[in-house]
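Structure record follows, encoded as structure tokens.
The values are calculated or read from the model by the stated rules, or taken from the named source; none is laboratory data. As the structure is a prediction and not an experimental result, all values here were calculated from the model. Please note: Cβ atoms are built from the backbone with ideal geometry, for glycine as well, and neighbour counts cover all protein chains shown. Areas reflect the complete protein model, heavy atoms only, side chains present, ligands, DNA and RNA absent. Shrake-Rupley method; radii C 1.70, N 1.55, O 1.52, S 1.80 Å.
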Amino acid sequence: MRLFAASRGQGRRLIMLAAAGILAAGLAACSSDSDEETTGTPFTQALSKDYSDLSGQASALPAEAAESSFFDSLNPFSSSDTSSDMLAKAFTTKAELADTGTEPEAEAAANPAQAALRARLVRAVAAGKDQFPAQAARAQADYDCWVLYGTVASAAAASQACKTALDSSIVRLETAARPAPAPSAPVPAPVPAPAPAPAPAAAPASFQVFFDFDSWTLKAEQLKVLDDVIATARSGGQANIIIVGHTDTSGSADYNQKLSVKRANVVVEALVQMGARREALHASGVGETDLAMETGDNVKEAKNRRTVISLQP
């Protein structure tokens, strides 16, 4: 699918974003002589930063020619001829709206799965944006990243990474915004133990996430494993994270090699979204050459469809 040209609804949305961006630029110009005060709320300021970051990332995507459409004659972005330009300017427009103190709306959903997550996001943002502006902005930016990248065939991996980040950021926002439980009655002080408790066992330095057959999509339950990776690396001071993708023996060796690389790369993108430094991540794929459970050729085995994450000094 080419960016925006294949969807009339998405085209109309871009036109609205562009018009809003022009208005935002005009407002910014009119206020340039006023006192140098920060515009907007902490939520819109956080949105501006997150959307600006996404614009820079979109600019770095491989250039892909965008198909022309009826809306090009009305679209202020029509001078751009690549999908990366279109994506970057869409995110820039949202950042400029947020700069004026306006809260950009989350992208319209294109399918039932997006509609369900959008409704959940809108509720979570409304409940948490005042008290937890950074978390609310992160969740909305992850959602828009997932939806807009999903309109570009060459950005499928980036879209999936944004969806993985969204699965984590929306839960964190919902958890943060949830009302605290009422305080319970005071508990008597415990009697000191006669001897100190033994020190806890050292945290594991190796983790695994598993995939469905012929898939490199991370499931929601795997995010807890990646959260543990980040927490362990920070507490233990490990500077390098080694990520190795694996497959079972079903299919050709060449296909499985490529699939294992995709499984490693999607973990990389998820960890970056969770706060890991990209330069500390080292990813590779070994296909079906290093099996967790030995099998014959062309055997489907769930324990072999995995990515192994190792922490090193």
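Okay, here's what the table says:
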item: Glu294-Ala108 FRET efficiency (beta carbon distance; Förster radius 45 Å; 0.05 resolution); result: 0.35
item: Solvent-accessible area of Asp290 with every protein chain in place, 1.4 Å probe, in Å² to the nearest 10; result: 80 Å²
item: Fully extended contour minus Cα-Cα distance, from Ala116 to Thr39, at 0.36 nm per residue; result: 24.5 nm
item: Ser206 paired with Ile230, simple spin-label distance in nm, labels 7 Å along Cα-to-beta-carbon; result: 2.5 nm
item: Accessible surface of region 89-161 [probe 1.4 Å, protein heavy atoms]: carbon and sulfur percent; result: 55 percent
item: Theoretical gain in end-to-end length, Ala153 to Ala280 [0.36 nm per residue, Cα-Cα removed]; result: 42.9 nm
item: For Gln208, distant residues with modelled amide H under 5 Å away; result: Ile309
item: FRET efficiency, 1/(1 + (r/R0)^6) with R0 25 Å, evaluated for Arg172 and Ser59 via beta carbons; result: 0.35
item: Cross-link table Lys129/Lys262; Lys89/Lys224; Lys94/Lys262; Lys94/Lys224; Lys94/Lys129, entries beyond 28 Å C-alpha to C-alpha; result: Lys129/Lys262; Lys89/Lys224; Lys94/Lys262; Lys94/Lys224
item: Residues listed by number, region 263-295, amide nitrogen under 20 Å from Ala239 label point at 7 Å toward C-beta; result: 272, 275-283
item: Gained length - Gln312 relative to Val272, 0.36 nm times residue gap less alpha-carbon distance; result: 12.7 nm
item: Candidate residues Glu107, Glu269: accessible-area rank, largest first, probe 1.4 Å; result: Glu269, Glu107
item: Global form of region 87-157, assessed from the alpha-carbon gyration tensor, a/c cut-off 1.5; result: oblate
item: Probe 1.4 Å - accessible area at Lys303, Å² to nearest ten; result: 110 Å²
